[in-house]
Amino acid sequence: MDKAQSLETYKLDKALDSFNYQQVQDDIMGILERGSGVMIDMSACNYISSTGLRVLLCSKKVAAAKGLKICLSGISDEVKDIMNVTGFINFFDYA
Amino acid sequence: MSTLHFQPVKGQAREILDAILQSPEVTSCNMKTILALRLACEEIVMNVMTYAYLPHDDGWLDVHILKTDRITIRFEDGGLPFNPLEQKNPDTGMSWKERCIGGLGIFILRRKMDDVRYAYENNRNILTIEKAFT
């Protein structure tokens, strides 16, 4: 298996919004810096605002530039709804 | 009807948002409506934090919350004139490579509310959102 396929799991809290996006962004960037892709476990998260969506998109762009993967798992109906409305649902791989 | 007055607003985003969401008009809504209101109010409060006031100005924000057959929340601030509804909508059909990181908040706000209105009157930005019960 090539290196790009190794995924480190990162578990989100119950919300990804204006109040915690910086920490989440820093954490995900840290994993990407180490050369690993990220499996974002969203099973506890039922709220994502536009600021949270920006973190996901930014992570995807940075990962892609490094040849790494961002994969989402356990997305709730509430999060799925916002991702559908904004067209973000098609940007990611799901596990 | 609840009327909330916040002064200063700088650095108070969390407190302001929590106070709105903890008003009896909001807490008595169903979960789906509360979620939509949380999204809308987060965008609006963060906009006030970011655009309304100059760095040296602590600023103020009044929030009026009315519940009838629908919930109406009116935000009034004394900051610089700023109409968030003039922002261009993102193209939701674009791929992730083309999508830029912005313009999403107001788009979500419009999609989640039944009505969003902006006016600038008496040196106040007045943004009103309405959501009927589903």
(request) Determine ³J(HN,Hα), in whole Hz, for all residues of the range B:111-119 in sequence, where each value follows from phi through the Karplus function 6.51 cos²θ - 1.76 cosθ + 1.60 and θ = phi - 60°; x replaces Gly and Pro. (result) 5, 8, 9, 7, 8, 9, 10, 10, 9
(message) How would the range A:1-56 be classified by its alpha-carbon gyration tensor: rounded, prolate or oblate, with rounded meaning a/c under 1.5 and the a/b versus b/c comparison settling the rest?
(response) prolate
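Whole number please: convex hull volume per residue of the Cα set in the range B:1-71, in Å³? Write down the numbers at each step before the final one.
Working: hull volume 5.3 nm³, N = 71.
Cα-based convex hull of the range B:1-71, divided per residue, equals 74 Å³.
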(request) Return one quarter of the surface area of the convex hull spanned by the alpha-carbon atoms of the protein assembly as shown, equal to its mean projected area, in nm². (result) 13.1
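How do the peptides B:35-44, B:11-20 rank, highest first, by the average count of neighbouring beta carbon atoms within 10 Å per residue? Present the calculation step by step, with values, prior to reporting the outcome.
Values: B:35-44: 22.9, B:11-20: 16.0.
Highest-to-lowest ranking by the protection proxy: B:35-44, B:11-20.
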(request) Could you state the angle between the C-alpha long axis of helix A:50-65 and the longest principal axis of the C-alpha atoms of chain A, as a value from 0 to 90 degrees rounded to the nearest 10? (result) 20
(request) Take the Cα pairs of the range B:31-98, get the Kirkwood Rh, then feed it into Stokes-Einstein at 25 °C and 0.890 mPa s and tell me D in µm²/s. (result) 170
(request) Describe numerically, in nm with one decimal, the distance between label points set 7 Å from Cα along Cα→Cβ at A:Val85 and at B:Arg14. (result) 2.5
(message) Using only alpha-carbon positions, what ratio does the radius of gyration of chain A give when scaled by 2.2 N^0.38 Å?
(response) 0.99
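Relative to the present Cα-Cα distance, how much length would full extension add between B:Asp58 and B:Ala132 at 0.36 nm per residue of separation?
Values: separation 74, 0.36 × 74 = 26.64 nm, distance 3.36 nm.
Full extension of this stretch gives 23.3 nm more.
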(message) Rounded to whole Å, give me the distance from the Cα center of the range B:58-100 to that of the range A:20-87.
(response) 24
(request) Report the convex hull volume per residue for the range B:2-132, counting only C-alpha atoms, in Å³. (result) 118
(message) Compute a Gaussian network model of chain B, connecting alpha carbons closer than 10 Å, and tell me which residue from B:Ile108, B:Ile73, B:Ile65 fluctuates the most.
(response) B:Ile108
(request) Starting with the fewest neighbours, write out B:Arg74, B:Arg99 ranked by other beta-carbon atoms found within 10 Å of each beta-carbon. (result) B:Arg74, B:Arg99
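Readers should treat all values here as calculations from the given coordinates under stated rules, not as data from a laboratory. Just so we're clear, the structure is a prediction, and the values are computed from it rather than from any experiment. Here Cβ is always computed from backbone atoms with ideal geometry, including for glycine, and neighbour counts include all displayed protein chains.
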